[in-house]
Amino acid sequence: MTNTTGSSQSYVVDTRNEDVIVYVDGEFKPKHQATVSIFDSGFVLGDGVWEGIRLVDGRLIALDEHMERLYQGAASISLDIGVTREALVGLIRETLERNDMHDGVHIRLMVSRGLKSTPNQDPRFLRGKATIVIVAEHKVVDKAAKAQGLTLFTSTFRCSSPDVFDLRLNSHSRLNFIQALIQAINAGANEALMLDPHGFVASCNSTNFFIVRDGELWTSTGRYNFNGITHKTVMRLAREAGIVVRELDFTLAQTYTADEAFVTGTLGGLTPVYRLDGHAIVNRRDASLMQRLAALYDDYLRG
C-alpha cells in the first residue's frame, strides 16, 4: 500500500507508524498522546525551524549539515533552542532507539520558540523555553510512483527575495508554498514550479529543481530557492564526476525544451519530471544524466 499524494514525497504506507514513540518537549510519548499547547509559538504563528533527516542503514544522512542549518536558522531569528547540538543529536538517537529503528526512516525535527502567555506575534510574550518535537517514522520512497515521474504546473505565486522572506531559513512558515501547491493540484499537476521575482525559474514548492541541457546540469542561482542539502549534494557529486554544473538564471522556455528535468529532496532523493505546463519533457539523447546522478546519489547514501 502506498500513499496517494502523487508527489516527490510519495512513500510506502507502514502500519508500524501508528505506534511510534514521539519526543515532545522533554518527554517520550506514544504518537496519539503527543501534543503541544494551542499557545505554542509554532501553532500560533508558525514561529520556528525544522529539519527532515533520513536514516539509512544506521546512518543519519548529512547530519552535520542538517544541524548546521537548524542552528544557523534559529540564531538568525533569535530563537534559543536551549540544548547543544550534541544533546539534540542524542535525543534523535534515543527516539530511534525507543522505536527500534535502524533503516528506512524519515525524521522530522521541529523547534518552535515555545509557549506564549497569549496568542500574539510579539516574542516578548514568551513564557519559557523552546519547544522541541522529534517524530521518526518508517518511511521509504514509493518506487513505482517515483518511476512515473512528476507533472508540474508553474504557479503564479513567486519565491521571495531575502528581504521579504529568506528561503535559506527552514522556517515552519510555509503558506506561500502551500498556496502554490494548491494551485498546482487544482490544475491537475503533482507539484508547483515557482519563479523568482524576475521571472526566472527558482524551485518547486517543497523541493529544488534541476534541468539537463546539452549534457550540462542546470539549476537556479540560489538567490531565491531553498537551501537544500540534497540539492548541494547532487551538485557536488556531479562536479566530482566531471559533469558541468551551472547555477544560473534560466527561463520557462529553456525548461520546456530541456532534455531532462528532476527535483531533489531529503526523502525522495532525485525524482524525474516528465511534464510541465502541458509540455512533455522528452530526452532525445541516448543516455540519461539524471539516472547517472541517481546512481551516484544511491552510492552516497550507502556510504
Debye intensity ratio I(q)/I(0), log10, segment 31-119, q values 0.12, 0.16, 0.20, 0.25 Å⁻¹ (C-alpha model): -0.41, -0.72, -1.04, -1.31
Residue-normalised accessible area of segment 14-125, expressed per residue, 1.4 Å probe, Å²: 53
Cα centroid separation - segment 205-231 against segment 116-161, whole Å: 19
Helical mean residue ellipticity (222 nm; -39500 (n - 2.57) per DSSP H run of 4+; nearest 500) of the chain: -8000 deg cm²/dmol
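Do you know the relative contact order of the chain, to the nearest whole percent, from alpha carbon pairs under 8 angstrom that are 6+ apart? It would help to have the intermediate numbers written out before the result.
Working: 611 pairs, mean separation 54.7, N = 303.
Relative contact order of the chain: 18 percent.
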Angle in degrees between helix 175-186 and the longest Cα principal axis of the chain, rounded to the nearest 10: 50
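Please report the net charge: other residues with Cβ closer than 13 Å to the Cβ of ASP298, K and R +1, D and E -1. Could the numbers behind the result be given before it?
Details: positive: ARG54, LYS143, LYS146, ARG292, ARG302; negative: ASP57, ASP299.
Neighbour charge sum, excluding ASP298 itself: +3.
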GNM flexibility winner over the chain from SER76, SER112, SER203 (Cα, springs under 10 Å): SER76
Rounded to the nearest 20 debye, dipole of the chain from Cβ charges on Lys, Arg, Asp, Glu: 240
Listed residues THR251, THR219, THR154, most fluctuating in the chain (Gaussian network, C-alpha, under 10 Å): THR251
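Of the chain, which part is the longest with no trypsin sites (Lys or Arg not before Pro) in a loop (DSSP not H, G, I, E, B) and with at most 10 other C-beta atoms within 10 angstrom? Walk me through the numbers on the way to the answer.
Values: sites that count: ARG284, ARG302.
Between the exposed loop sites, the longest stretch runs 1-283.
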Solvent-accessible area, 1.4 Å probe, carbon plus sulfur percent, for segment 134-284: 53
For segment 127-192, alpha-carbon Rg over 2.2 N^0.38 Å: 1.50
Cleavage-rule hits (chymotrypsin sites (Phe, Trp or Tyr not before Pro)) in segment 1-61: DSSP loop, at most 14 neighbouring Cβ within 10 angstrom: none
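How high is the relative contact order of segment 192-263, in percent, with contacts defined as C-alpha pairs under 8 Å that are six or more residues apart? Mind showing how you got there, number by number?
On the way: 108 pairs, mean separation 27.3, N = 72.
RCO, segment 192-263: 38 percent.
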Cα Rg, Dmax (largest Cα-Cα span) when computed across segment 139-295, Å: 14.5, 44
Environment charge at LEU152 (Cβ cut-off 9 Å; Lys +1, Arg +1, Asp -1, Glu -1): -1
Spatial separation of Cα centroids for segment 235-250 and segment 76-112, in angstrom: 32
Efficiency of FRET between ARG85 and ILE38 - r from beta-carbon atoms, R0 35 angstrom, step 0.05: 0.75
Size of charge dipole - segment 249-303 - debye, nearest 20, with Cβ of Lys, Arg +1 and Asp, Glu -1, no other charges: 120
Under 13 Å from the Cα of LYS31 - aspartates and glutamates, other chains or at least 8 residues apart: GLU18, ASP19, GLU137
Helix axis angle, 229-240 relative to the chain longest principal axis, alpha carbon, degrees: 40
Gaussian network model of the chain, springs between alpha carbon atoms under 10 Å - residue of ALA87, ALA62, ALA258 with greatest fluctuation: ALA87
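The values are calculated or read from the model by the stated rules, or taken from the named source; none is laboratory data. Small disclaimer: the values here were computed from a predicted structure and weren't measured. Methodologically, a virtual Cβ is constructed for each residue, glycine included, from the backbone with ideal geometry; neighbour enumeration extends over all protein chains shown. The area values use the complete protein model at the heavy-atom level, side chains included, leaving out ligands, DNA and RNA. Shrake-Rupley method; radii C 1.70, N 1.55, O 1.52, S 1.80 Å.
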